[in-house]
1. Just to be sure I understand: of the beta bridges DSSP finds with both ends in segment 25-85, what percent are antiparallel, rounded to 5?
2. Hey, fewest Cβ within 10 Å first, where do Trp143, Trp128 land in order?
3. Give me the Kirkwood hydrodynamic radius of segment 87-158, using the inverse of the mean 1/r over all pairs of distinct Cα atoms, in Å to one decimal.
4. Just how large is the dipole of segment 25-84 about the Cα centre, in debye to the nearest 20, putting +1 at every Lys and Arg Cβ and -1 at every Asp and Glu Cβ?
5. Multiply the residue gap between Asp33 and Asn80 by 0.36 nm, knock off their C-alpha separation, and tell me the result in nm, one decimal place.
6. Would you mind computing, in nm to one decimal, how far apart the modelled labels at Val46 and Tyr140 are, each placed 7 Å from Cα along Cα→Cβ?
7. Fully extended, how many nm does the chain gain between Thr58 and Lys72 (0.36 nm per residue separation, minus their Cα-Cα distance)?
8. List every residue whose amide H lies under 5 Å from the amide H of Val34, counting only residues 5 or more places away in sequence or on a different chain, with H placed 1.01 Å from N in the peptide plane.
Amino acid sequence: MKISRLFTIAGLAGSILFSSLSFASAVNLGDNDVAIHGYDPVAYFVKNKPVEGSAMYTATHEGAIYRFASAKNRDMFKANADKYAPQFGGYCAMGVALNKKLDVDPAAFYIEDNKLYLNLNKAVQQKWFEDVPGNLKTAYRVWDGIEALSVAEANAEE
């Protein structure tokens with residue numbers, strides 16, 4: 001009886017570990033579930049530049065914790081989170097167009113039609129700029145297929 005109970009517990013532990021490894025997140029989460037590496041999403045719109053947020057001012061949206069440079073920015077986000085949250089869950093927009101979920105550099109950003117897009121780095125952003133309308137069209141189409149996938153699943157070679 002004790003051995004079968006041990007196997008049951010071990011099986012449950014293994015299942016929990018496996019499910020945590022394959023956890024699919026529609027939002028690019030960093031350490032402690034912080035989005036955009038702790039940068040303030042509202043500042044991109046207000047100051048047109050990346051500004052580090054503070055752990056003093058936070059809000060949660062779609063399972064992610066966003067940090068803000070001020071209480072005012074936090075309150076603006078809370079009033080309309082969908083306006084300020086980055087597109088594609090904060091994953092690299094060019095990566096999404098290429099059917100991948102890639103991390104971002106908060107300094108590689110672009111605002112189009114009042115929507116925030118982030119990219120892996122400035123070099124990838126330059127590729128993004130070569131055909132913004134085409135890349136947007138492709139990325140929105142692809143996102144529907146990869147949004148629910150884990151990073152590992154989305155980035156697996158076919």
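1. Approximately 90 percent, going by the DSSP bridge assignments.
2. Details: Trp143 19, Trp128 23.
The order, fewest Cβ neighbours first, is Trp143, Trp128.
3. 11.9 Å
4. Values: 7 positive and 7 negative charges, 61 e Å.
For this selection, approximately 300 debye.
5. Working: separation 47, 0.36 × 47 = 16.92 nm, distance 2.02 nm.
That pair, Asp33 and Asn80, stretches by 14.9 nm at full extension.
6. The modelled label-to-label distance comes out at 2.8 nm.
7. Answer, rounded to one decimal: 3.9 nm.
8. Ile65
Every read-out reported here was derived from the displayed coordinates using simple, explicitly stated rules and does not represent laboratory data. This one's a predicted model, so the numbers in the text were calculated from it and none came from an experiment. Ideal geometry is used to build each Cβ from the backbone, glycine not excepted, and the neighbour counts take in all protein chains shown.
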